[in-house]
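Notes follow the structure.
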2 protein chains.
Amino acid sequence: MLIGEYLHTLDSKKRLSLPAKFRKEVGRKVVITRGLDQCLFMFPVATWRGIAEKLEKLPFGQADTRGMSRFLLAGAAEGEVDGAGRILIPEFLKEFASLKGRVVLAGVSDRVEIWNDKTWEEYKRRIEKSAEGMAQTLGDMGIL
Amino acid sequence: MLIGEYLHTLDSKKRLSLPAKFRKEVGRKVVITRGLDQCLFMFPVATWRGIAEKLEKLPFGQADTRGMSRFLLAGAAEGEVDGAGRILIPEFLKEFASLKGRVVLAGVSDRVEIWNDKTWEEYKRRIEKSAEGMAQTLGDMGIL
DNA sequence: ATCTATTAGTGGGATGAAGTGGGATAGAGA
DNA sequence: TCTCTATCCCACTTCATCCCACTAATAGAT
């Protein structure tokens, strides 16, 4: 179970160290992809395989599903965790999430999200404001 | 599983180097054909055989499927990966996808797509805009 | 609480592989 | 025969990867 929020730095070589707490759970091979709301998703390979299987089944005949497979598959990158617990962020993903310098890694159950620190703070603020309404929704769903 | 996005250059001899990460999966023989949305599709021969078989089984009577078969079959070219991991792009395909200079190679599960860099960026921008709706769809399909 | 040992996060140099460009050779087609 | 181009080969540059070093933080022991 990946939880917690960490502020790390993306160095000049595009390396990003994983929080020590994540390393065991994440393993040595990961897949990073474009996520939603301007962040990146990082999955352990095992988790990714499940997602990939479903994506493979999408027919390329239809324009909208074609766009979706391209967004998620071409937007993904396999990576290895190096000896120091770091991963390499490809240029195009770095650009997609506007990563530079300070970066937030957030554990979200089975994936890690990678955010530009500013974007993250902003997003949190927005979420906190709408937390009231959300609590209501969760309550209705019987979660809280 | 072919994933990721790479920016390479098509040289004056119409050679294009495959990303190192693709080479093992792709093998030495490939088939390149006209793709959808102004790009080229590149398949490992094994994958191509499967597609060709399916195309042959299409009812020949219908004008649209006949068109599709011609589009894919007549536009196909076999090619070998050379010692440096490069393939040769035939002139008519190069023209079809407006390739020159900088070119994007995108892994989409079982095929590699070859794009003019500008066209690709534009396409991506279009897709990203519809990402919100996509989240909904992905949720419905149980992918995320 | 203080001191010490170990781990985590970060930065930089060295090495090897990947991507690119160009010359030389051989073979196909005019 | 001559020309064009596919193919092979080599050279150069850039970047990923490995390794080591330094500092800050954490945990353990006294």
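The values are calculated or read from the model by the stated rules, or taken from the named source; none is laboratory data. Note that the structure is predicted; figures quoted are calculated from it, not measured. Every residue, glycine among them, receives a Cβ derived from its backbone with ideal geometry; neighbour counts consider all protein chains shown.
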Discussion item. Restricting to the range B:102-144, count the residues that are more than 8 Å from chain A (Cβ to nearest Cβ) and of a type in the set (Gly, Ala, Ser).
Written reply: 2
Practice prompt. Only one of these is of a type in the set (Phe, Trp, Tyr), touching a Lys or Arg at 6+ places or on another chain (Cβ under 6 Å) and surrounded by 13 or more Cβ atoms within 10 Å (Cβ to Cβ): A:22, A:60. Name it.
Written response: A:60
Worksheet item: Which of the following residues is among the aliphatic types (A, V, I, L, M) and away from chain A (no Cβ under 13 Å): B:58, B:99?
Response: B:99
Fill in: For residue A:73: the one exception among (1) at pLDDT 90 or above; (2) over 18 Å from residue B:21 (Cβ atoms)
(2)
Worksheet item: Which residues, taken from the range A:22-43, are in contact (Cβ under 8 Å) with a residue 24 or more places away in the chain and farther than 14 Å from residue A:97 by Cβ?
Response: A:22, A:23, A:25, A:26, A:27, A:28, A:29, A:30, A:31, A:43
Fill in: Residue among B:99, B:72 that is aliphatic (A, V, I, L, M), buried (at least 18 other Cβ atoms within 10 Å of the Cβ) and more than 16 Å from DNA strand C (Cβ to nearest atom)
B:72
Worksheet item: Residues of the range B:1-43 being of a type in the set (A, V, I, L, M) and farther than 17 Å from residue A:60 by Cβ, which ones?
Response: B:7, B:10, B:16, B:18, B:20, B:26, B:30
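Filter the range A:9-32 down to residues that are among the acidic types (Asp, Glu) and either part of a strand (DSSP E or B) or near DNA strand C (Cβ under 8 Å from one of its atoms) (or both), then give me how many there are.
Total satisfying the criteria: 1.
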